[in-house]
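Below you'll find the structure, written out as structure tokens, and then a few comments.
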Number of protein chains: 2
Amino acid sequence: MSTSSDLSPPPPSLLRPLDFPHKVLMGPGPSNCPPRVLAACALPMLGHLHPEFIKIMDEVKEGLKYAFQTDNTWTFVISGTGHAAMEAACSNLLEQDEVALVCQNGIWGERFADMVERNGSVAQKLIRPMGEVFNLKEIEEGLQKHKPKILFITHGESSGATAQPLEGIGELCHKNNCLLLVDSVAALGGVPMYMDKFGIDVLYSGSQKVLSSPPGASPISFSNRAREAVLNRKSRCRSYYFDANELANYWGCDDKPRRYHHTAPITSVYALREGLARLAELGLEESWKNNKVCAEQLWEGVEKMGLELLVPQKELRNPCVTAIKVPDGVNWKDVSDYAMKNYRVEISGGLGMMAGKIWRVGIMGYNATPDNIRLVLRGLKEGVENCKK
Amino acid sequence: MSTSSDLSPPPPSLLRPLDFPHKVLMGPGPSNCPPRVLAACALPMLGHLHPEFIKIMDEVKEGLKYAFQTDNTWTFVISGTGHAAMEAACSNLLEQDEVALVCQNGIWGERFADMVERNGSVAQKLIRPMGEVFNLKEIEEGLQKHKPKILFITHGESSGATAQPLEGIGELCHKNNCLLLVDSVAALGGVPMYMDKFGIDVLYSGSQKVLSSPPGASPISFSNRAREAVLNRKSRCRSYYFDANELANYWGCDDKPRRYHHTAPITSVYALREGLARLAELGLEESWKNNKVCAEQLWEGVEKMGLELLVPQKELRNPCVTAIKVPDGVNWKDVSDYAMKNYRVEISGGLGMMAGKIWRVGIMGYNATPDNIRLVLRGLKEGVENCKK
């Protein structure tokens, strides 16, 4: 046995307490959590198969069915953040050499295509610049040309700040023997969503956006059509951790006794339960309305100060993430730093092709208040005035 | 736009507050979290690239290097629970058709082999019954016979309750051009671990065991040899979410600026930081000693009441998880239920081949106290007396 002299010493940084400021997170997420969610994070631990925890899991499922507006049996939670849910959707639906048609109008389509290729499947793309959305005609042509097994599209694009109209896409997909997969990480709860009515086959989201919970537990739901596709795979899912068949069992979505598959992130599930409970109390329509009202307040304020929005058409803007063009002669980062330094409010920059060209403001759940919008507008206005090059 | 009449209503179960009892979790994990960890879970949210959060990430890395006793640059956290770290290890190290030699003396070897096969790689096995460990001779023979790229072995087997002696295995592996991968989910912090000295190439653990944090953020470390293997892959990692190359960058383990790869589970990282800070304050040797003292108290108490331990050799027992044989004429579940009902203390059952045949008692971090051991012994003794068939 080794003795103490062999041990490298404990790091001094860990002998000081945690200490950092409170910020108003008005970027594209994570957003601030309401007190009831934070309180839930600090509740005592339960085992991952204890009856009390199973009750909480069941409540989460009910809450997700409400938030998604679905009756899908396979509605559960991936034990990771939004990208984990994206990867779960990809790796469960696609087998080797199968084709996905990926609508790419921002970084989410790009990331999904990357996952498709890593999975050994084939990604075909429909491409639009950030700030634009897809129409039914081009989608139909893409379906007919590529005959994909699945179509991927982003509901709330957080990099291009668009809200994709979803009506009609499910019908087109099903007519072409294709499953519709929708990423609603940056829209769910803030933009109307009717999973079943829209004919969506796989829908996933994150916890840290409109649901106002910490990142770490990501909702997902599979239509019966998608479930059948998973159950009829020829090969097993590449991933054990994301295997929907196993997860559905652990989440009590089949008629077999729950098996131990992995240890769920217990407190993240508590927190998601509280985020969903908040949404249930508020009501979906009120949540959608809140977001719309705050977004319009932001858009008016921004235009009033002479700035331009990336997405000209109001009805195509994502009310959860607004993109504002950075005017000539201004460095986006200086303004963002100014707002943080003076008002402790986060205003983010662009991603990918839009880096340096836009600011992004998130309006999500608990943070969707007129006060917060005024704070953003104040930080932005003063920042631009003070940071001209 | 759809109207309110289209909406399915919010679930009544979410309109009631969360309510469940406090339990003493003396199973194989999750274990109870100390107040400082729970308090950290409820701290305000930060962005995943904010400087304050990066500082916390850096402190976590320092804490992990201490806990693992390693200088590895690639020491970071997987954004998921223990199985996620296992899958990350597998999918980063192995490519199509490459061979892993898996030491299986419980369910962890079995699970790892499952992951290997899903990954398109080949799992060869050395098999021992639960409760036994591997010796250097059979490992050397296995290495020579199968010429694997990696050897997988479990440090603290939580299903068979063994602690695998690790000295010498790294040397054998390296002599045979093989990487050594060790699962220390159910041992780290409770059993001496010297990653570098033992020549371990990939080591991972969980947060919810001896580190006394909630599940959801799982430590992992790669030796330079393992890092080179990842960097020299011919194909990309099957998984985007678990891609070590990307994660190492996000965790500041290379010399490039940190890129946005995914959103980390912010509060789970706060909690892990506090769990590691607690370990740093206590000191590794004190933590190992605590575990040993409590485990010996448990073993003596159990043997005094006439029960038998699964692992006869004291030096091969995992001090973090003890397995106790269920005597004839007793139903394990009745005893476990008795202890929970009367003392709110969790005593778990067996997994896999050992289901129904053993009880498992976890002794982990914050829960490793003489009081808790007495509570377990009381629940077990009274339970056995009251639950004879």
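The values are calculated or read from the model by the stated rules, or taken from the named source; none is laboratory data. On a predicted model such as this, the values are computed, not experimentally measured, just so you know. Cβ sites come from the backbone with ideal geometry, for glycine too, and all protein chains shown count toward neighbours. Accessible surface areas use protein heavy atoms only, side chains included; no ligands, DNA or RNA. Shrake-Rupley method; radii C 1.70, N 1.55, O 1.52, S 1.80 Å.
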Pairs where the first residue, in segment A:160-179, is over 22 Å from A:V191 (Cβ atoms) and the second is open to solvent by less than 10 Å² (accessible area, probe 1.4 Å), C-beta under 8 Å, 6+ apart:
A:H174/A:L180; A:N176/A:L143; A:C178/A:L101; A:C178/A:L143; A:C178/A:P148; A:C178/A:I150; A:C178/A:L151
Failed condition for A:T70, given (1) among the β-branched types (V, I, T); (2) within 10 Å of chain B (Cβ to nearest Cβ); (3) outside any loop (DSSP other than H, G, I, E, B), with all others met?
(3)
Tally the residues that are assigned to a helix (DSSP H, G or I) and either closer than 21 Å to A:P30 by Cα or open to solvent by 10 Å² or more (accessible area, probe 1.4 Å) (or both), restricting the search to segment A:343-389.
23
Is it the case that A:S31 is over 29 Å from the mean Cα position of the chain (by Cα), small (G, A, S) and either more than 7 Å from chain B (Cβ to nearest Cβ) or outside any helix (DSSP H, G or I) (or both)?
no
Just to check your reading of the model, which residue among B:A248, B:A264, B:A229 is assigned to a loop (DSSP other than H, G, I, E, B) and in contact with a strand residue (DSSP E or B) (Cβ under 8 Å, 6 or more places away or on another chain)?
B:A264
For segment A:75-188, which helices (runs of 4 or more DSSP H) that fit wholly inside it have 2 or more residues that are over 25 Å from A:L211 (Cβ atoms)?
A:107-118, A:136-146, A:169-175
Hey, among A:S207, A:S239, which residue is hydroxyl-bearing (S, T, Y), buried (at least 24 other Cβ atoms within 10 Å of the Cβ) and more than 9 Å from every other protein chain (Cβ to nearest Cβ)?
A:S207
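Condition check ((1) open to solvent by 10 Å² or more (accessible area, probe 1.4 Å); (2) out of contact with any Leu (no Cβ under 7 Å at 6 or more places or on another chain); (3) within 14 Å of another protein chain (Cβ to nearest Cβ); (4) among the basic types (K, R)) across all residues:
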{"residue": "A:C90", "(1), (2), (3), (4)": "no, yes, yes, no"}
{"residue": "A:V99", "(1), (2), (3), (4)": "yes, yes, no, no"}
{"residue": "A:I107", "(1), (2), (3), (4)": "yes, no, yes, no"}
{"residue": "A:E117", "(1), (2), (3), (4)": "yes, yes, yes, no"}
{"residue": "A:H146", "(1), (2), (3), (4)": "yes, no, no, no"}
Residue within segment B:252-269 that is buried (at least 24 other Cβ atoms within 10 Å of the Cβ), more than 10 Å from chain A (Cβ to nearest Cβ) and within 17 Å of B:T70 (Cβ to Cβ) present
no
Any pair with Cβ under 8 angstrom, 6 or more apart, that starts in segment A:10-37 at a residue that is touching a residue at least 12 places away in the same chain (Cβ under 8 Å) and ends at one that is aromatic (F, W, Y) and surrounded by 15 or more Cβ atoms within 10 Å (Cβ to Cβ):
A:V24/A:Y343; A:S31/A:Y366; A:N32/A:Y366; A:C33/A:Y366; A:P34/A:Y366; A:V37/A:Y366
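Give the number of residues within segment A:294-329 that are in a helix (DSSP H, G or I) and farther than 15 Å from A:V376 by Cα.
Summing the residues that are in a helix (DSSP H, G or I) and farther than 15 Å from A:V376 by Cα in segment A:294-329 gives 3.
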Could we say that A:D58 is part of a helix (DSSP H, G or I) and either farther than 21 Å from B:L38 by Cβ or not assigned by the TED database to the domain that holds A:N232 (or both) here?
yes
Restricting to segment A:296-325, count the residues that are touching a strand residue (DSSP E or B) at 6+ places or on another chain (Cβ under 9 Å), surrounded by fewer than 21 Cβ atoms within 10 Å (Cβ to Cβ) and more than 10 Å from A:T162 (Cα to Cα).
6
Can you tell which of B:L38, B:L43 is closer than 20 Å to A:A271 by Cβ and assigned to a loop (DSSP other than H, G, I, E, B)?
B:L43
Tell me yes or no: at least one residue of segment B:19-27 is over 30 Å from A:E315 (Cβ atoms), touching an Asp or Glu at 6+ places or on another chain (Cβ under 6 Å) and open to solvent by 50 Å² or more (accessible area, probe 1.4 Å).
no
Scan segment B:4-14 and give yes if some residue there is more than 9 Å from every other protein chain (Cβ to nearest Cβ) and open to solvent by less than 10 Å² (accessible area, probe 1.4 Å), otherwise no.
no
Answer with yes or no whether A:S212 is open to solvent by less than 10 Å² (accessible area, probe 1.4 Å), assigned by the TED database to the domain that holds A:N176 and at positive phi.
yes
